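Novice: Can you read through this structure? Questions will come right after.
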Amino acid sequence: MTIESKHFSENDRIFYSDGYKLAQSAIENGLSNDTLFSAIESLYTEIDGLNDSIVALAERQNIKVACFKGCHWCCHQAVFANSYELHFLSGKIKKNFNSEELADVIAKTDAKHAITSELSEDEVLLFKSPCPLLRNGSCSSYAARPMACRIYLSTKLETCLEFYHHPENEANFPALIDFPLRAGKMMNEGFRAALKEFGIETAEFRMEEGLQITLKNNQPKF
């Protein structure tokens with residue numbers, strides 16, 4: 001495991017190491033869907049626990065975290081996930097969704113991908129369209145959502161609304177809490193690094209792009 005210390009803080013190195021060790025445990029136990037998925041679940045449990053602590057600390061300091069169930073403005077913007085996260089997510093969807101629900105998600109995934117695949121990178125970041133998993137204002141696969149969705153904590157709802165309605169406004173961006181963003185990023189980097197050392201190459205996809213691939217493939221790559 002290597003990480004350039006001059007570019008990272010002590011917290012960065014800790015979170016990177018946590019992610020690395022989790023993927024390494026899956027490898028040492030014989031890399032398979034079962035061991036990989038177990039490691040991913042542990043990864044998400046760790047970041048969720050960190051988020052709970054951050055929210056509790058914010059409340060003690062009279063800082064309100066604006067996120068709540070039913071608030072779904074962030075579910076209309078570009079979401080990127082690693083291939084192993086999408087592998088995990090699609091497995092949960094196939095297991096828990098009935099045939100009608102699965103067909104609906106695939107149709108929405110195809111429709112969104114048809115649009116975003118024709119956009120430039122800058123246009124994708126400004127494009128607003130509901131996530132294929134958004135159902136009645138909530139995520140239909142919330143427990144399996146990728147890291148990017150878990151670490152997006154805003155302290156000001158109005159900034160999220162402004163970003164939704166006027167994404168071109170360069171003077172505004174959602175008032176996100178930086179610490180979970182950084183922690184989640186470093187944990188995923190460590191996780192990817194361990195897989196790469198083992199010879200497993202991973203990639204990042206737009207949510208709709210990755211779901212289109214994994215939901216239609218019975219044995220997707222990590």
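Novice: If you work out percent of Cα pairs over 32 Å apart from the coordinates, which of (i) 14; (ii) 29; (iii) 19 do you get?
Specialist: It is the value labelled (iii).
Novice: Cut-off is 10 Å between beta-carbons; in what order do E170, E208 appear when sorted fewest neighbours first?
Specialist: Values: E170 7, E208 24.
Neighbour counts put them in this order, fewest first: E170, E208.
Novice: Please compute the modelled spin-label separation between L161 and S120, points set 7 Å along Cα→Cβ, answer in nm with one decimal.
Specialist: In this crude label model, S120 to L161 measures out at 3.2 nm.
Novice: Suppose every K and R has +1 on its Cβ and every D and E has -1 on its Cβ; what is the size of the dipole of the chain about the Cα centre, in Debye to the nearest 20?
Specialist: For this selection, approximately 480 debye.
Novice: Continuing with this model, one more query. What list of ³J(HN,Hα) values in whole Hz, one per residue of region 40-52 in order, does the Karplus curve 6.51 cos²θ - 1.76 cosθ + 1.60 (θ = phi - 60°) give from phi, with Gly and Pro shown as x?
Specialist: Here the 3J(HN,Hα) series is 5, 4, 5, 4, 5, 4, 5, 6, 5, x, 4, 4, 4 Hz.
Novice: Under a point spin-label approximation (7 Å from Cα along Cα-to-Cβ), what is the S32-N11 distance to one decimal in nm?
Specialist: Between S32 and N11, the simple spin-label model gives 3.9 nm.
Novice: Taking neighbour counts of Cβ atoms within 10 Å as a proxy for exposure, in what order, fewest first, do H76, H165 appear?
Specialist: With the fewest neighbours first, H76, H165 line up as H165, H76.
Novice: I need D18, D110 ordered by Cβ neighbour count within 10 Å, fewest first.
Specialist: Ranking D18, D110 by Cβ neighbours within 10 Å, fewest first, gives D110, D18.
Novice: Roughly how many nanometres apart are two label points built 7 Å out from the Cα toward the Cβ at A171 and N217?
Specialist: It is 4.5 nm.
Laboratory data are not the source of any read-out in this text; all were calculated from the coordinates shown. In this text, all values refer to a predicted model and were calculated from it rather than measured experimentally. Ideal geometry is used to build each Cβ from the backbone, glycine not excepted, and the neighbour counts take in all protein chains shown.
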